[in-house]
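The values are calculated or read from the model by the stated rules, or taken from the named source; none is laboratory data. Being a predicted model, the structure only gives us computed values, none of them experimental. All Cβ positions, even for glycine, are placed from backbone atoms using ideal geometry, and neighbour counts span all protein chains on display. We work out accessible area using only protein heavy atoms, side chains counted, and drop any ligands, DNA or RNA first. Shrake-Rupley method; radii C 1.70, N 1.55, O 1.52, S 1.80 Å.
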Amino acid sequence: MDDPTFQTNTADHAEKASQEGNRPRAAQERAKLGSWELDLATQTGSWSAEMFRLFNCDPARGVPTLAEFLEMVHPDDRHLVEEGLTRAQTGEPVTQEFRSNPLRGPLQHFNATVHPIRNGDGRVLHLRGTIQDISSLIEAKRALDTAERQAILGRVAASVAHEINNPLLAIKTRLHTLKRLWLTDPRPLKSWI
């Protein structure tokens with residue numbers, strides 16, 4: 001067909017399809033959210049482009065093994081991740097937080113979800129999940145906690161200052177009265193000294 005309208009519409013459609021295909025990838029990148037899948041029988045899986053970015057891995061090297069992935073997890077959190085994967089293999093959906101291994105770069109905080117995928121017999125064959133970088137959320141929470149602690153300390157300091165100022169005001173008032181009495185007629189006060 002030599003219809004220019006048809007050619008333009010086809011080209012527009014191809015460009016739109018290409019843009020729509022990139023939307024999930026762009027959404028994952030903006031949300032700092034990677035997705036993954038693991039075949040339990042073969043122990044092979046797939047990672048989204050954002051998973052590779054989150055864990056600073058080269059996609060050309062392929063998806064890391066489970067052992068390699070656990071090396072990317074903070075040593076204190078590895079047992080949590082292993083327990084979560086074990087629970088997911090029994091069919092329980094799992095949501096948990098963990099940190100990155102600080103030896104691999106800046107410390108990051110992640111929120112992971114794991115969903116077991118069952119076959120017709122109810123046996124778990126695959127695990128699918130997401131991992132989201134929540135480091136900025138954790139930092140914001142710490143800043144809020146610090147601000148709340150400072151506000152509490154400010155209220156305590158104001159209360160303590162009030163409690164100290166009341167007796168000091170009474171002492172100041174008494175001293176002022178004594179001074180005035182001393183200046184007007186010191187004789188009665190000399191008997192107290």
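The figures follow:
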{"item": "Residue within the stretch 99-120 that is over 23 Å from ARG53 (Cβ atoms), open to solvent by 60 Å² or more (accessible area, probe 1.4 Å) and either of a type outside the set (Ser, Thr, Tyr) or not in a loop (DSSP other than H, G, I, E, B) (or both) present", "result": "yes"}
{"item": "Every residue from the stretch 126-145 that is hydrophobic (A, V, I, L, M, F, W, C) and loosely packed, with under 15 Cβ neighbours inside 10 Å", "result": "LEU137, ALA140, ALA143, LEU144"}
